[in-house]
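Quick notes on the structure that follows.
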């Protein structure tokens, strides 16, 4: 399936991202975070498969841009902002930089949450986050 052209454009723009490292996990996470806004009409136009493929491609880009550093790429749905968010932190931190409970999830579960406007944070008391070592 071909990815939607808007998502392809975002991936091209993401190629310009510079991945930074820091001894301070929150600084590192903030510097490496990118947010993608959308609305219901766009979601219906894109479809779940396209969004799933988009986030997976974001992880590939971060891996290429990380310069061989051992990092963890992660993605989640920010329900309050209505955004798909991605970032990466060094594996040496041994955790992800969230102040809430997390539920490490499959990518499709995060995508389903995007389409149902449910990050898990308010219904399951834990934020659904997809992550992988890069």
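With R₀ set to 25 Å, the beta-carbon distance separating residue 108 from residue 27 gives a calculated FRET efficiency near 0.20.
Both radii are taken from the alpha-carbon atoms of segment 30-89; with Rh as the Kirkwood radius, Rg/Rh is 1.01.
Fully extending the segment from residue 41 to residue 57 would add 3.5 nm, taking 0.36 nm per residue of separation and subtracting the current Cα-Cα distance. Label sites at residue 101 and residue 83, each approximated as a point 7 angstrom past Cα along Cα to Cβ, lie 2.6 nm apart.
Relative contact order, percent, of segment 5-133 when contacts are C-alpha pairs under 8 Å separated by at least 6 residues?
Reported as a whole number, the value is 27 percent.
Classification of segment 95-134 by its C-alpha gyration tensor yields an oblate form. The axis ratio a/c (a ≥ b ≥ c) is 1.5 or more, and b/c is at least a/b. Taking only the Cα atoms of segment 1-56, the ratio Rg/Rh comes out at 1.07, with Rh defined as the Kirkwood radius. Fewest neighbouring Cβ atoms within 10 Å first, the residues 107, 69 line up as 69, 107. Ordered by the number of other Cβ atoms lying within 10 Å of each residue's own Cβ, fewest first, 112, 128 fall into the sequence 112, 128.
In terms of other Cβ atoms within 10 Å, 129, 34 run from fewest to most in the order 34, 129. Size of segment 53-130: Rg and Dmax of its alpha carbons, in Å, are 12.6, 38.
Given R0 = 25 Å, the distance between the Cβ atoms of residue 118 and residue 17 translates into a calculated FRET efficiency of 0.35. With the convex hull constructed from alpha-carbon coordinates only, the chain shows a mean projected area of 7.6 nm² over all directions. Subtracting the Cα-Cα distance of residue 2 and residue 133 from 0.36 nm times their residue separation leaves 44.6 nm of extension gain.
None of the figures in this text is laboratory data; all of them are computed from the coordinates on show. Just so we're clear, the structure is a prediction, and the values are computed from it rather than from any experiment. We place every Cβ from the backbone using ideal geometry, glycine too, and count neighbours over all the protein chains shown.
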